[in-house]
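Read through the structure below, which is laid out as structure tokens, and then see the notes.
The values are calculated or read from the model by the stated rules, or taken from the named source; none is laboratory data. What you see is a predicted model; the values in this text were computed from it and never measured. All Cβ positions, even for glycine, are placed from backbone atoms using ideal geometry, and neighbour counts span all protein chains on display. Accessible surface areas use protein heavy atoms only, side chains included; no ligands, DNA or RNA. Shrake-Rupley method; radii C 1.70, N 1.55, O 1.52, S 1.80 Å.
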Amino acid sequence: MADRKPLPRNLPKLLAVLLALFLLGAALFAVFQKRIERWEYPQHYPEYVTYYADKYGIDPLMLYAFIRTESNFDPMAESDAGARGLMQITEVTFDWIKSNIAPTEPLTFDDLYDPETNIRFGSYFVSYCLLRYQDDLPTAAAAYHSGWGTVDELLAQAEYSADGQTLDHYPYPQMRRYVQKITHSYQRYQEIYQE
């Protein structure tokens, strides 16, 4: 039988120090995890997002999800399709929105690089899509991305919509990925900022 060495006398102190270090590490991790999450899902332009979300009856966190997905908060972003700014609005969509909310204002398509103008127009467009599709975020997001005509055609087909009002399936991979990004981003914003 091997000789057993006695436990060190300072073992309780050593365990107490290790426990304290573990608790400190856990607390630091929680603080840095929250900072990392907020860095990954930021809330830039809060004065505009809050104002226009309230004006158009949208959860501000939903607008942040759209802005993050569309441009990652780059006001100078421009897509291959020519969509501009934070919420990536095309010229055709800009003209339609302008005719509805700013028909007499001397705004041009170039004004979409201005964060306030872009968030104002994008917020209106999101609210219109939500209204058109009974506040169903996935269907509204599909319309924001691909247009009402495309979504309305899919709603008329039973293989994509059981009720003719909301989409159950997305036949186009790009549309499907976009809807997943919006819904996931919105969920993460809610988890991070609604405590």
(request) Return a yes/no flag: does segment 62-83 have any residue that is touching a Cys at 6+ places or on another chain (Cβ under 8 Å) and aliphatic (A, V, I, L, M). (result) no
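Matching residues to (1) assigned to a helix (DSSP H, G or I); (2) at pLDDT 95 or above; (3) under 30 Å from Gln33 (Cβ atoms):
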| position | (1), (2), (3) |
| --- | --- |
| Val151 | yes, yes, no |
| Glu159 | no, yes, no |
| Ala162 | no, yes, no |
| Gln174 | yes, yes, no |
| Val179 | yes, yes, yes |
| Thr183 | yes, yes, yes |
| Tyr186 | yes, yes, yes |
| Tyr189 | yes, yes, yes |
| Glu195 | no, no, yes |
(request) Starting from residues that are within 27 Å of the chain's Cα centre (by Cα) and among the β-branched types (Val, Ile, Thr), keep the ones in segment 1-41 and report whichever is modelled with the highest pLDDT. (result) Ile36
(message) Considering only residues that are open to solvent by less than 40 Å² (accessible area, probe 1.4 Å) and within 27 Å of Phe109 (Cα to Cα), which ones fall in segment 147-178?
(response) Gly147, Val151, Met175, Tyr178
(message) Suppose we filter Asp136, Asp163, Asp168 for residues that are within 20 Å of the chain's Cα centre (by Cα) and among the acidic types (Asp, Glu); which single one remains?
(response) Asp136
(request) Collect the residues in segment 39-88 that are within 20 Å of Pro138 (Cβ to Cβ), surrounded by 20 or more Cβ atoms within 10 Å (Cβ to Cβ) and aromatic (Phe, Trp, Tyr), keeping them in residue-number order. (result) Tyr64, Phe66
(message) Anything in segment 89-134 that is in a loop (DSSP other than H, G, I, E, B), open to solvent by less than 30 Å² (accessible area, probe 1.4 Å) and not aliphatic (A, V, I, L, M)? List them, or say none.
(response) Tyr133
